[in-house]
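Shown next, in structure tokens, is the structure this report addresses.
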Amino acid sequence: MQLTLLALLTGLLTGVLFGSLNVPIPAPPELPGMMGIIGIYVGYRLIEHLDIGVNLLEILGV
């Protein structure tokens, strides 16, 4: 929980800094873009939870 709050505070401070410098944020400014990022995270966690992933580096021999 502490790490989550620290991440939120860091994001908030970064947003304030970007806003005060009138610099565009390096994230999708629209809800569909943010939902896409959340979808990527949830999909990743789902595959991790179901333990059905593939080790691509192992397949490529790296």
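What to note about this one:
- Top of LEU31, LEU17, LEU50 by mean-square fluctuation, Gaussian network on the chain, Cα under 10 Å: LEU50
- The angle between the Cα long axis of helix 2-20 and the longest principal axis of the Cα atoms of the chain comes to about 50 degrees, rounded to the nearest 10.
- Given (1) 1.30; (2) 1.59; (3) 1.36, the label whose value is Cα Rg over 2.2 N^0.38 Å derived from this model: (2)
No lab work stands behind these numbers, since they all come straight from the coordinates. Every value quoted in this text rests on a predicted model; they were computed, and no experiment measured them.
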